[in-house]
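Enquirer: Take a look at this one; I'll ask things after.
What follows draws every value from the coordinates through simple rules; no lab data is involved. Note that this is a predicted model, so its numbers are computed, not measured.
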Amino acid sequence: MDLVVQMWKFLEARRKFWLLPIIIVTVLIGGLLVLAQGSVVAPFIYTLF
């Protein structure tokens, strides 16, 4: 959680809110890959990337 707090403070201090969508999409794609790693859908997800 400390990393999330530090990232938010960085975004507030530097006014780089345009980075927020990039960070969110990266985290969602990473979570999707981790969750689908052992499933039947994994080959189809990996072909997207």
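Enquirer: Helix 19-35 versus the longest principal axis of the chain: what angle, 0 to 90°, nearest 10, using Cα atoms?
Expert: 30
Enquirer: Just need the Rg to Rh number for the chain, please, alpha carbons only, Kirkwood Rh.
Expert: With Rg and the Kirkwood Rh in hand, the quotient comes to 1.16.
Enquirer: Given the DSSP H assignment, sum -39500 (n - 2.57) over each helix run of at least 4 residues in the chain and divide by its residue total; what's the result at 222 nm in deg cm²/dmol, nearest 500?
Expert: -23500 deg cm²/dmol
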